[in-house]
Amino acid sequence: MASMIIRYDVGKGARWAVVTGAAPIHPDDLVEAQDLATEVTTLSDLVAELDAGRALPSSPVAVPARAILSPVTADATLICQGLNYRDHAAEAGHHQRRANLLFAKASSSLCGPYADIVRPAGVELLDYEAEIGIVLRRSLGSGAVVDRSNIGSFVAGVVLCNDVSARDTMFGASFLQWYRGKSYRTFCPTGPVFYYLDQGDVAETIGQLDLALSREGELRQAASSASFIYPPEEALTEIAGLQDLKRGDLLLTGTPGGVIARATPEVIRILSTHLVDDVRRRDEIRVALDAPAFLQPGETLWLTLRDARRSLHLGGQLSRIVEDNAHVH
């Protein structure tokens, strides 16, 4: 049985609850739920409690959606796939993918589904990336082989994520700094729900998820997880040959086409010609990518996730872009 679980705080400390009504899509929603009988504070420990049948529903609650936190907790390691949809790979100039692109993102970038996204001082090319996050059920170590027959023993469920990206940092910092450009605080809105799955449901469910993102009410991204180039089982097996992961860690599976930044021939020329000239490369990239076209303070993003197999809406994110007031003079 699948369950939608939220983590929330109404001023009494973070609590876990299972959603009994509709998943929230707006911060003004009121979520019908039941608190879970557990005192654990991390998603890792919650998954262990759920798998053991110990975190049982208790008292009913009505949770203001704006009180919902990221269900993925800060102890998690965040590993990301890049260019994992064919249309996005084509946008980036990688029409024929030959290898899985992996990178990391700081867990301090995690924030709730209705939190503001803060545009850092000096960043002009702020971009969105709607993504499906895969939460680990148990540790992943050297030699682990994940396939469709056993993926449910490794994967506990999914979450909706936004892999917010500062493109001028990614492409303008010395030798292209993806980690830096994707790891600013508030750069990973996550939730609203952790969609917890029985082991036997994982393979079918994660192959039939629908993802969408709108900017200022205009649809910009829409895709199905059936379009992954490298599905989660392949990515997890590859990661196991590289590093250890633990229960509760998060794999972001890449974003579909429709991001703001496009790898035009001019952008590719700038990157290759000015690889060791950071200032010139950043300045020319900002012109070539048309900085005013990127996310601006006051704009909003709306993301949604849906389990197509069950025709079940898994909630939505609504994020507002704000300036970094700490650096405004």
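Normalised by the residues of the chain, what does the relative contact order come to in percent, with Cα pairs under 8 Å and at least six apart? Kindly include the intermediate steps, with their values, before the conclusion.
Numbers: 827 pairs, mean separation 80.3, N = 329.
Reported as a whole number, the value is 24 percent.
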Task: Relative frequency of Cα-Cα separations exceeding 39 Å in the chain, percent - done: 11 percent
Task: Exposure proxy order (Cβ contacts within 10 Å, fewest to most) of Leu160, Leu46, Leu83 - done: Leu83, Leu46, Leu160
Task: Reference-scaled alpha-carbon Rg (2.2 N^0.38 Å with N residues) for the stretch 178-288 - done: 1.37
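Using helices alone, what [θ] at 222 nm do you get for the chain, with -39,500 (n - 2.57) per DSSP H run of 4 or more residues, divided over all residues and rounded to the nearest 500?
-5000 deg cm²/dmol
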Open item on the list: Going Cα to Cα from Lys105, which lysines come in below 24 Å? Please leave out same-chain ones fewer than 8 positions away.
Closed with: Lys182, Lys246
Task: Packing-based ranking, highest mean first, of 107-113, 16-22 given that Cβ atoms within 10 Å are counted - done: 107-113, 16-22
- [ ] For the stretch 1-95, state the semi-axes of the equivalent ellipsoid (square roots of 5 times the eigenvalues of the alpha-carbon gyration tensor), sorted largest first and rounded to whole angstrom.
- [x] 31, 17, 13
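A short reminder: the numbers here are calculations on the coordinates, not readings from a lab. Predicted, not measured: the structure shown is a model, and the values here were computed from it. Heads up, the Cβs are rebuilt from the backbone with ideal geometry, glycines too, and the neighbour counts pull from every protein chain shown.
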